[in-house]
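Please read the structure below before turning to the comments.
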Amino acid sequence: QSARAAVKAASTFARIDPSTVDVIFTIDTGADLISGRSAGSSMAIAVAAALLNDTIPDNIVMTGDISEDGTIGMVQAIPKKAEAAKAANATIFLVPTGGSSDVVRFNRQKECGEVKDYDYCRVLYVAEKGKLGDEVGIRVVEVKDIADAAQYYFGYKE
């Protein structure tokens, strides 16, 4: 389903009739299992690059669901994907709108005291907010559709 939506979105963006081309995806990964729609937007950019005879920079990574109209939708585990992007030496991580919002970390704090003849301690988990890009050390940019993403990948603006 992601592959079909990616081809439709990319061909619309590139203004090419998808019935005039054959698109075959080969996914080479060390993962035991691939599931979900997180790679849909990346697949759309890859197809757009092929249709436009353009190249994809190595330093940009993206996650997000793709709709046939080119809209990039929310996916899960964005912080983990940001860490993987950083580990792969990416400098820009494109995420769906709302995906770079505050991340919450819980810090463990121990408070001890004394009441009459009793010593006690309690453990608190205090929420601390931060920005995803700052937490991971990568530039995180929100994109709403394939045209937004294309600005970063190809410099194209519609």
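Descriptive notes on the structure:
For every residue, the table says whether it meets (1) of a type in the set (A, V, I, L, M); (2) in contact with a strand residue (DSSP E or B) (Cβ under 6 Å, 6 or more places away or on another chain).
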site	(1), (2)
64	no, yes
110	no, yes
127	yes, yes
131	no, no
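- Of all residues making up the stretch 38-56, the number that are of a type outside the set (Gly, Ala, Ser) and either free of Cβ contacts under 8 Å to residues at least 40 places away in the same chain or within 15 Å of residue 90 (Cβ to Cβ) (or both): 4
- Any hit, the stretch 13-36, residues being in contact with a helix residue (DSSP H, G or I) (Cβ under 7 Å, 6 or more places away or on another chain), assigned to a strand (DSSP E or B) and of a type in the set (Phe, Trp, Tyr): no
- Only a single criterion out of (1) out of contact with any helix residue (DSSP H, G or I) (no Cβ under 7 Å at 6 or more places or on another chain); (2) at pLDDT 90 or above is not satisfied by residue 153, namely (1).
- All helices (runs of 4 or more DSSP H) inside the stretch 59-158 with 3 or more residues being open to solvent by less than 60 Å² (accessible area, probe 1.4 Å) and under 30 Å from residue 8 (Cα atoms): 78-87, 146-153
- Picking from residues in the stretch 93-149 that are of a type in the set (S, T, N, Q) and modelled with pLDDT under 90, the one that is nearest to residue 52 (Cα to Cα) is 100.
- Residues in the stretch 37-57 that are in a loop (DSSP other than H, G, I, E, B) and hydrophobic (A, V, I, L, M, F, W, C) were compared, and the one that is most open to solvent (accessible area, probe 1.4 Å) is 56.
- Odd one out for residue 71 among (1) in contact with a Gly (Cβ under 8 Å, 6 or more places away or on another chain); (2) within 29 Å of residue 4 (Cα to Cα): (1)
The values are calculated or read from the model by the stated rules, or taken from the named source; none is laboratory data. From a predicted model like this one, the values you see are computed outputs, not experimental measurements. Neighbour counts run over all protein chains shown; Cβ positions are idealised from the backbone, glycine included. Accessible surface is based on the protein model in full, side chains and every heavy atom, while ligands, DNA and RNA are left aside. Shrake-Rupley method; radii C 1.70, N 1.55, O 1.52, S 1.80 Å.
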